[in-house]
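Participant: I'd like to ask you about the structure that follows.
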Amino acid sequence: MENLVIFGAGGHAKSIIDIVERSGIWRIAGLLDGIKAAGTRVYGYEILGDQNYLAQDPSITGVIVGIGDNWLRARAAEAIRSVRSDCRFVSAVHPHASVAKGATIGDGSVIMAGAVVGSDAVVGEHCVLYTLSSLDHDSATENFVSLAPHAATGGNVRIGSFAAISIGARIIHSTSIGEHTVIGAGATVLTDIDGYCIAYGTPARVIRKRTAGERYL
Ligand SMILES: CC(=O)SCCNC(=O)CCNC(=O)[C@H](O)C(C)(C)COP(=O)(O)OP(=O)(O)OC[C@H]1O[C@@H](n2cnc3c(N)ncnc32)[C@H](O)[C@@H]1OP(=O)(O)O
């Protein structure tokens, strides 16, 4: 079994530890974190240091970024890549997720328990499909997208990079969500939503613009 590390040591990283352990494909060598001190343990796994630790341990061949915020996840992936360009970003799919025929999951993406990826759907790189979320047939996300718990799309939906579909939001079939847009909790999206917006409500309306990297969690 090859060694991987998870970057992050919070709640999202704990969920990823659970998925990697259940999948039995990779051995978790430890965690990396830029904030919590080296030596701290989470579920018995030691924080080995920050991303610079990778330079001194060639036995680690895989990384998953365990940070929930889409923008911060991208910054961490960039920092890791600058230290070890040969390290592989690994995807993790919970054994109780469902990935249909023809669907693809990008490197570094995490698919949690009960999540459904429909037929011929495309999940980009470093995305997160949280518990019981669903990306239905022929839909596609770009990179660094998240579907929070119970978020769901109809078929043929397009979701731009860094967009966050919040908890319980619904997006009807054949619509598009622009890059860096946040669809608020419980929203029902019936029309295309532009990039760089916060939209919520039923039906969802654009409430205001947002900038790349603005906190939403
Ligand atoms: C495993 C996990 O934890 S995954 C993460 C799960 N978490 C989520 O999905 C969080 C999603 N976050 C949201 O939906 C947030 O409400 C956001 C990002 C949309 C907030 O957007 P903001 O513009 O910053 O809203 P803000 O908090 O300032 O609230 C402004 C007003 O909008 C209302 N509002 C905020 N979000 C919503 C919403 N989703 N639906 C309806 N009204 C809302 C607020 O109640 C507030 O109303 P008020 O002015 O009458 O008091």
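Participant: Angle, helix 11-23 long axis vs. longest principal axis of the chain, Cα atoms, 0 to 90°, nearest 10?
Facilitator: Taking the Cα atoms of the chain, the angle to 11-23 is about 70 degrees.
Participant: Gaussian network model of the chain, Cα springs within a sub-10 Å range: biggest mean-square fluctuation belongs to which of Val20, Val93, Val42?
Facilitator: Fluctuation is largest for Val42.
Participant: Any chance you could give the angle, 0 to 90 degrees and rounded to 10, that helix 70-83 forms with the longest Cα principal axis of the chain?
Facilitator: 30
Participant: Restrict the search to region 1-104; then list the trypsin sites (Lys or Arg not before Pro) that DSSP places in a loop and that have at most 13 other Cβ atoms within 10 Å of their Cβ. Please list the in-between numbers first.
Facilitator: Numbers: sites: Lys14, Arg22, Arg27, Lys36, Arg41, Arg73, Arg75, Arg81, Arg84, Arg88, Lys101; in loops: Lys36, Arg84, Lys101.
Answer by residue number: Lys101.
Participant: P(r) for the chain: what percent of alpha-carbon pairs falls in each 5 Å bin, starting at zero?
Facilitator: 1, 8, 16, 20, 18, 15, 11, 7, 3, 1, 0
Participant: Under a point-charge model restricted to the Cβ atoms of Lys and Arg (+1) and Asp and Glu (-1), what is the dipole moment magnitude of the chain relative to its Cα centre, in debye to the nearest 20? Write down the numbers at each step before the final one.
Facilitator: Numbers: 18 positive and 20 negative charges, 94 e Å.
Rounded to the nearest 20 debye, it is 460 debye.
Participant: A follow-up question, please. To make sure I understand the rule: partners must be aspartates and glutamates, Cα under 15 Å from the Cα of Lys101, and not fewer than 8 residues away in the same chain. Which ones qualify?
Facilitator: Correct list for Lys101: Asp120, Asp136, Asp138.
Participant: To continue, here is another question. Only counting other Cβ atoms within 10 Å, I'd like Val123, Val206 sorted with the fewest neighbours first. It would help to have the intermediate numbers written out before the result.
Facilitator: Values: Val123 29, Val206 15.
Lowest count first: Val206, Val123.
Participant: Write down the Kirkwood hydrodynamic radius of region 3-90, to one decimal in angstroms, obtained as one divided by the mean of 1/r over all alpha carbon pairs. Kindly include the intermediate steps, with their values, before the conclusion.
Facilitator: Values: mean 1/r = 0.0791 Å⁻¹.
Its Kirkwood hydrodynamic radius stands at 12.6 Å.
Participant: Find out how many positive minus negative residues lie around Asp50, taking Lys and Arg as positive, Asp and Glu as negative, among other residues whose Cβ is under 12 Å from that of Asp50.
Facilitator: Numbers: positive: Lys36; negative: Asp33.
Net charge in that neighbourhood comes out at 0.
Participant: Check cross-link reach from Lys36 to the lysines: straight Cα distance under 23 Å, and skip same-chain residues fewer than eight apart.
Facilitator: In chain and number order, the partners are Lys14.
Participant: Can you give the three extents of the C-alpha atoms in region 93-209 along their principal axes, from longest to shortest, in whole Å?
Facilitator: That works out to 37, 20, 20 Å along the principal axes.
Participant: Report the local net charge at Ser176: Lys and Arg +1, Asp and Glu -1, summed over other residues whose C-beta lies under 12 Å from its C-beta. It would help to have the intermediate numbers written out before the result.
Facilitator: Working: positive: Arg158; negative: Glu142, Glu179, Asp192, Asp194.
Once positives and negatives cancel, what remains is -3.
Read-outs throughout are calculated quantities, based only on the coordinates presented, and are distinct from any laboratory measurement. Quick caveat, the model's predicted, so the values are computed rather than measured. Virtual Cβ from ideal backbone geometry, glycine too; neighbours counted across all protein chains shown.
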